[in-house]
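Reading through the C-alpha coordinates given below for one structure.
The values are calculated or read from the model by the stated rules, or taken from the named source; none is laboratory data. Since the model is a prediction, treat every value here as computed from it, not as a measurement. Every residue, glycine among them, receives a Cβ derived from its backbone with ideal geometry; neighbour counts consider all protein chains shown. The area values use the complete protein model at the heavy-atom level, side chains included, leaving out ligands, DNA and RNA. Shrake-Rupley method; radii C 1.70, N 1.55, O 1.52, S 1.80 Å.
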Amino acid sequence: MQADDELCLCFHISCRKVLNYIRIHQVKIPSQLADCGGAGTGCGWCRKQLEKLMILAAQRPPGAEEIEDWLACNTPDRQKYAEARERYRAAKNNGD
Ligand code: FES
(Lines give C-alpha, C1' and ligand atoms only; values in the text may rest on other atoms or scores of the structure.)
Protein backbone atom coordinates (compact mmCIF):
# COMPACT_ATOMS: atom_id res chain seq x y z
CA MET A 1 0.00 0.00 0.00
CA GLN A 2 0.97 3.60 -0.40
CA ALA A 3 0.33 6.40 2.08
CA ASP A 4 -2.90 7.60 0.51
CA ASP A 5 -4.35 4.14 -0.11
CA GLU A 6 -7.31 3.25 2.06
CA LEU A 7 -6.57 1.01 5.00
CA CYS A 8 -10.16 1.07 6.27
CA LEU A 9 -12.15 0.54 3.12
CA CYS A 10 -15.53 0.94 4.83
CA PHE A 11 -14.79 4.51 5.92
CA HIS A 12 -12.19 5.46 3.29
CA ILE A 13 -9.43 6.09 5.83
CA SER A 14 -5.94 6.17 4.42
CA CYS A 15 -2.75 4.71 5.84
CA ARG A 16 -1.38 8.24 6.21
CA LYS A 17 -4.41 9.35 8.24
CA VAL A 18 -4.13 6.34 10.55
CA LEU A 19 -0.40 6.87 11.09
CA ASN A 20 -0.90 10.57 11.78
CA TYR A 21 -3.69 9.78 14.21
CA ILE A 22 -1.52 7.23 16.03
CA ARG A 23 1.31 9.75 16.30
CA ILE A 24 -0.77 12.79 17.32
CA HIS A 25 -3.04 10.99 19.78
CA GLN A 26 -0.37 8.58 21.04
CA VAL A 27 -2.72 5.63 20.58
CA LYS A 28 -2.12 2.88 23.14
CA ILE A 29 -4.86 0.37 22.32
CA PRO A 30 -6.37 -0.54 18.92
CA SER A 31 -9.92 0.40 19.92
CA GLN A 32 -8.80 4.04 20.18
CA LEU A 33 -8.51 4.03 16.40
CA ALA A 34 -12.33 3.98 16.18
CA ASP A 35 -12.06 7.70 16.93
CA CYS A 36 -10.09 8.10 13.71
CA GLY A 37 -13.11 8.47 11.45
CA GLY A 38 -14.62 5.19 12.63
CA ALA A 39 -11.69 3.05 11.46
CA GLY A 40 -12.36 -0.60 12.13
CA THR A 41 -15.99 -0.16 13.12
CA GLY A 42 -17.58 -1.29 9.85
CA CYS A 43 -17.11 -4.80 8.51
CA GLY A 44 -14.13 -5.42 10.78
CA TRP A 45 -11.78 -6.52 8.00
CA CYS A 46 -9.13 -3.89 8.71
CA ARG A 47 -8.88 -4.40 12.47
CA LYS A 48 -5.90 -6.76 12.36
CA GLN A 49 -4.10 -4.45 9.96
CA LEU A 50 -4.85 -1.42 12.15
CA GLU A 51 -3.47 -3.22 15.18
CA LYS A 52 -0.36 -4.31 13.28
CA LEU A 53 0.25 -0.78 12.06
CA MET A 54 -0.20 0.60 15.56
CA ILE A 55 2.31 -1.85 17.04
CA LEU A 56 4.86 -1.25 14.28
CA ALA A 57 4.46 2.52 14.45
CA ALA A 58 5.00 2.42 18.21
CA GLN A 59 8.27 0.53 17.69
CA ARG A 60 9.58 2.76 14.94
CA PRO A 61 7.28 5.37 13.37
CA PRO A 62 8.17 6.34 9.80
CA GLY A 63 9.41 9.83 9.05
CA ALA A 64 7.70 11.87 6.34
CA GLU A 65 10.44 11.03 3.82
CA GLU A 66 10.34 7.29 4.44
CA ILE A 67 6.60 6.69 4.76
CA GLU A 68 6.16 5.12 1.29
CA ASP A 69 8.99 2.61 1.79
CA TRP A 70 7.83 1.88 5.33
CA LEU A 71 4.27 1.16 4.17
CA ALA A 72 5.46 -0.99 1.28
CA CYS A 73 7.30 -3.17 3.80
CA ASN A 74 4.58 -3.25 6.46
CA THR A 75 1.27 -3.36 4.61
CA PRO A 76 -0.24 -5.73 2.04
CA ASP A 77 -0.62 -5.03 -1.64
CA ARG A 78 -3.62 -2.68 -2.12
CA GLN A 79 -5.39 -4.80 -4.72
CA LYS A 80 -4.95 -8.08 -2.85
CA TYR A 81 -6.07 -6.40 0.37
CA ALA A 82 -9.29 -5.16 -1.26
CA GLU A 83 -9.97 -8.54 -2.87
CA ALA A 84 -9.44 -10.35 0.42
CA ARG A 85 -11.86 -7.95 2.08
CA GLU A 86 -14.53 -8.78 -0.50
CA ARG A 87 -14.08 -12.50 0.22
CA TYR A 88 -14.24 -11.77 3.96
CA ARG A 89 -17.47 -9.81 3.57
CA ALA A 90 -19.02 -12.44 1.32
CA ALA A 91 -18.19 -15.18 3.81
CA LYS A 92 -19.55 -13.07 6.65
CA ASN A 93 -22.80 -12.45 4.77
CA ASN A 94 -23.12 -16.18 4.07
CA GLY A 95 -22.69 -16.96 7.75
CA ASP A 96 -19.39 -18.81 7.23
S1 FES B 1 -12.52 -2.13 6.12
FE2 FES B 1 -12.38 -1.12 8.03
S3 FES B 1 -14.21 -1.68 9.05
FE4 FES B 1 -14.43 -2.50 7.05
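Tabulated values for the structure
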{"read-out": "Selection from segment 68-88 of residues that are assigned to a helix (DSSP H, G or I) and farther than 16 Å from H12 by Cα", "value": "E68, D69, W70, L71, A72, C73, N74, K80, A84, R87, Y88"}
{"read-out": "Residues (assigned to a helix (DSSP H, G or I) and either within 16 Å of the ligand (Cβ to nearest atom) or open to solvent by less than 80 Å² (accessible area, probe 1.4 Å) (or both)) located in segment 56-67", "value": "L56, A57, E66, I67"}
{"read-out": "Restricting segment 1-14 to residues that are more than 7 Å from the ligand (Cβ to nearest atom) and not in a loop (DSSP other than H, G, I, E, B), the residue that is surrounded by the most Cβ atoms within 10 Å (Cβ to Cβ)", "value": "L7"}
{"read-out": "Pick from segment 15-37, criterion within 12 Å of the ligand (Cβ to nearest atom) and not in a helix (DSSP H, G or I), ranking: nearest to L53 (Cα to Cα)", "value": "C36"}
{"read-out": "Members of segment 38-55 found to be more than 13 Å from the ligand (Cβ to nearest atom) and either buried (at least 19 other Cβ atoms within 10 Å of the Cβ) or modelled with pLDDT of 95 or more (or both), listed by number", "value": "M54"}
